[in-house]
Amino acid sequence: MDMNRQNKYIDSLIFPLKQELKFLEREEDVLNFYRAKVMKKEESTHGDIITFIIVQAFDHNKNPILRKFDFERIFKEDESIKVLFDLKKTPSFCFQTKILSVNEKRYTFLTIIESLPREFYLRLDGSIFTTYKTLQRLKKIRKDGKYLDVNILNAINSVEETTREDYQQSDHNETENFSSSSLKYSEDFVDIFKNLKLEDKNLISKEEEYKDFIKKIKKLGFLIEYNKLNNSQKESLLFSKKNKSYRIIGPPGSGKTKVVVEIVKTLLYAKKSVLVCGPSNISVDNILSSIIDSEYYKKIKPKLYKLGSFLKTSKTLSCYHIESMANESVLPLLEKLNQAIDNKSDQKTIKALRKKVSEKKKEFIMSTIRCTDLAFATLFSSYKMKDNKYFDWIIIDEACQARESESFLSVLLAKKFILVGDPYQLGPTVKSETVELKSTFFDRICSTPTFFLNEQYRMSKLLISFSNSYFYSNRIISSKKTKFKFFNRSEILFIDTSNHNSKESKLNSSIKNTFEAEITIKIIKYLESKQNIYDVGIITPYSQQAFLIKDILPKVSFPIQVSTVDAFQGQEKGIIILNFVRANKQQEIGFLSDLKRTNVALTRCIHGLIIVANSATFLQDEFYIKLFGHLHANAYCINPAIFDIILFKAK
């Protein structure tokens, strides 16, 4: 790839990010602070709902901005914000939340903080801040004009370029209703899988060059658990010996984390340096936790660290955070500093000690990054290492949830990469509905060698059957058996609310369905009466439905988690209760037209799945016609009236 094509590719990443920030008057407004005034405080079951107005803007240096702002253009419903108590104090007490509603220049958010001052400060946070920083990093690479690593460019080079004109034709609808292009995007990926070229099964392990390698791994016994992997997992591990970048597709319950952990251990055994990344702290912490709990770590004790937000790292893993390690390294200096403060020493002495602590911590962090062969970081945090370490391998978990630009910046930190994910689960979270923003680096490098983990251990064959057929071309093998059945009929219970009193109602930008929520509560009470032993997840596409169910949920003896589908991705529960919510004569289904969202919802259960939905609302959609047809053939299907009769007889 010549420099011209390299720049065109980087431009293709820059342009959609600019589109994401186009609601701002200037891109740098992301960094501004805003002074707000509390107008009203209302108690709710989830905390206090704060109504406020914004009265002044400050730049990133905390200087007042004199130009006028259209604050409603900046702060929208569901926007992530950081709330600060004081702009002058550093650090100031702060917390993160989201804008609940916007109405005539009045805004609301939810908080459990009781001592919120009358006036406070806020700034944009979350994905918007990440977008801005990612954009600046890409612009710098473009400006520097250095040739990128040939291995990365080769992976990208095989993909046909998209022109800027193509981006400008994209639909930028910012409501919950997906455009037809978004639906086409989902359908295209289903079609792509049918023609996906995977590496030949059992071919790699038969090659002569791997025989000695396999023998060495097997001799390590429990340190690298090669013999505990199934064939598809073994193949995806062994390919790392080829020293080529590749992808691993892992459907729900297929043991992606287990494979990644064994690959990491194998690469370390081969004296390779490894950076493990993911789009969120949860994805990274899951792998870090599994590594630490392994016999390999307990016996070999490889040096490792985690980089990124200390506050977002789980408490059990905080000691592995590089910031925590740096604090430990300067304890004697910190004690001196604290003594100086307690003794009310002169400010010059205190300032000098603070500077020394800061310098020593920085030295420790830089030295640790350079000398340690195993590192963990979110994609956003990983880029901070660009000037201090170049790894042999980078492994990106949940790569299909990460924006293409973020993954691209991270793979620049290593010679080779392994991307692990499921392209049929939910993709990156973006504000705009531009299709290009939903694209991932995993999608971009589709000609890269690809492995498919074809055995799943989460649920029975019936529970995975629809997703297996529609999304995965029946490639998934399910060996798990279950005796669990609802009313001794099926592992799937479908309560169809069509022709009953099921109506949706809109609240702010979200939707709720009181009838479905009431049925859900009846289900919970029934499970309690039958001494249910499984944990339960109640999931719904809409946040207002989740709020409604939480408000009326009774206390029971078994664990329950209520969540949106998006927030529940990557999790599992014994029994899942799914509310579809949509019920209208216009047959509008909103962002349930994103097939990936429904695939996530259908694949979270271990033992049983209960679907509460108004099928009549979905009869214009080919996908849902097939889904409800599948349910009528395989689930125990009843209406709310019959369900009430069953509950009455069960008393």
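Under a Cβ-only charge scheme (Lys and Arg +1, Asp and Glu -1), can you give me the dipole magnitude of the chain about the Cα centre, in debye to the nearest 20?
Rounded to the nearest 20 debye, it is 2200 debye.
Give the distance, in whole Å, between the Cα centre of the stretch 84-149 and the Cα centre of the stretch 294-354.
Comparing the Cα centres of the stretch 84-149 and the stretch 294-354, I get a distance of 26 Å.
Using +1 at the C-beta of Lys and Arg and -1 at the C-beta of Asp and Glu, which of Tyr534, Asn63, Phe213 has the Cα lying farthest in the positive direction of the dipole of the chain?
Phe213
By average Cβ neighbour count within 10 Å, what is the ranking of 562-569, 333-340 from highest down?
562-569, 333-340
How big is the equivalent ellipsoid of the stretch 459-650 along its three axes, where each semi-axis is √(5λ) from the Cα gyration tensor, reported in whole Å from largest to smallest?
In descending order the semi-axes read 22, 21, 17 Å.
As an exercise, identify the trypsin sites (Lys or Arg not before Pro) in the stretch 540-638 lying in DSSP coil whose Cβ has no more than 12 other Cβ atoms within 10 Å. Before the final figure, lay out the partial values.
On the way: sites: Lys550, Lys555, Lys573, Arg582, Lys585, Lys596, Arg597, Arg604, Lys626; in loops: Lys555, Arg582, Lys585, Arg604.
Here the trypsin sites (Lys or Arg not before Pro) that fit, given the DSSP loop and packing criteria, are Lys555, Lys585.
Just from the alpha-carbon atoms, what are the Rg and Dmax of the chain in angstroms?
Radius of gyration, then largest Cα-Cα span, for the chain: 26.3, 80 Å.
Hey, which aspartates and glutamates would be in cross-link range of Lys37, C-alpha to C-alpha under 17 Å, not counting anything within fewer than 8 residues on its own chain?
Excluding near neighbours in sequence, the set is Asp48, Asp70, Glu72, Asp86, Glu104, Glu114, Glu119.
Calculated FRET efficiency, Lys626 and Gln96, Cβ-Cβ r, R0 45 Å, to nearest 0.05?
Efficiency at R0 = 45 Å is approximately 0.65.
Could you compute the FRET efficiency for Asn327 and Thr372, with r as their C-beta to C-beta distance and R0 at 22 Å, rounded to 0.05?
Plugging the Cβ-Cβ distance into 1/(1 + (r/R0)^6) gives 0.85.
Residue-wise, which Karplus ³J(HN,Hα) couplings in Hz belong to the stretch 403-411, taking 6.51 cos²θ - 1.76 cosθ + 1.60, θ = phi - 60°, and x for glycine or proline?
Whole-Hz 3J(HN,Hα) from phi for the stretch 403-411: 5, 4, 5, 5, 5, 4, 4, 6, 5.
Which aspartates and glutamates have a Cα lying under 12 Å from the Cα of Lys530, excluding residues fewer than 8 positions away in the same chain?
Excluding near neighbours in sequence, the set is empty.
For the chain, what is the mean residue ellipticity at 222 nm derived from helices alone (per DSSP H run of n ≥ 4: -39500 (n - 2.57); sum divided by total residues; nearest 500 deg cm²/dmol)? Kindly include the intermediate steps, with their values, before the conclusion.
Details: 25 runs with 258 residues, N = 651.
Calculated at 222 nm, the ellipticity per residue is -12000 deg cm²/dmol.
Which pairs break 26 Å Cα to Cα here: Lys272/Lys299; Lys215/Lys481; Lys461/Lys651; Lys88/Lys344?
Pairs exceeding 26 Å: Lys215/Lys481; Lys461/Lys651.
I'd like the distance between the alpha-carbon centres of the stretch 356-371 and the stretch 443-470, rounded to an integer number of Å.
Spelled out, the Cα-based centre of one part sits 43 Å from the other.
Within the stretch 5-22, whose backbone N sits under 15 Å from a point 7 Å along Cα→Cβ of Tyr147?
From the stretch 5-22, the list is 5-7.
How many angstrom lie between the C-alpha centres of the stretch 528-607 and the stretch 233-263?
So the two Cα centres are separated by 30 Å.
With r defined as the distance between the Cβ atoms of Lys105 and Asn227 and R0 fixed at 60 Å, what FRET efficiency is calculated, to the nearest 0.05?
0.40
Run the quick spin-label model on Glu209 and Arg67: label points 7 Å from Cα toward the beta carbon, then report their separation in nm to one decimal.
5.7 nm
Which percent, to the nearest 5, of DSSP beta bridges fully inside the chain are antiparallel?
45 percent
If each residue of separation counts as 0.36 nm, what is the full-extension length gain between Ser358 and Phe484 once their alpha-carbon separation is subtracted?
Residue separation times 0.36 nm, minus the Cα-Cα distance, leaves 39.5 nm.
Considering the Cα trace of the stretch 227-337, what is its radius of gyration and what is Dmax, both in angstroms?
16.4, 57
Pairs Lys271/Lys389; Lys146/Lys384; Lys8/Lys146; Lys306/Lys384; Lys18/Lys62; Lys438/Lys573: which exceed 20 Å Cα-Cα?
The pairs that break the limit, which is 20 Å between Cα atoms, are Lys18/Lys62; Lys438/Lys573.
Every read-out reported here was derived from the displayed coordinates using simple, explicitly stated rules and does not represent laboratory data. As the structure is a computational prediction, the values presented were derived from the model and not from experiment. No Cβ is skipped: glycine too gets one built from the backbone with ideal geometry, and neighbour counts run over all protein chains shown.
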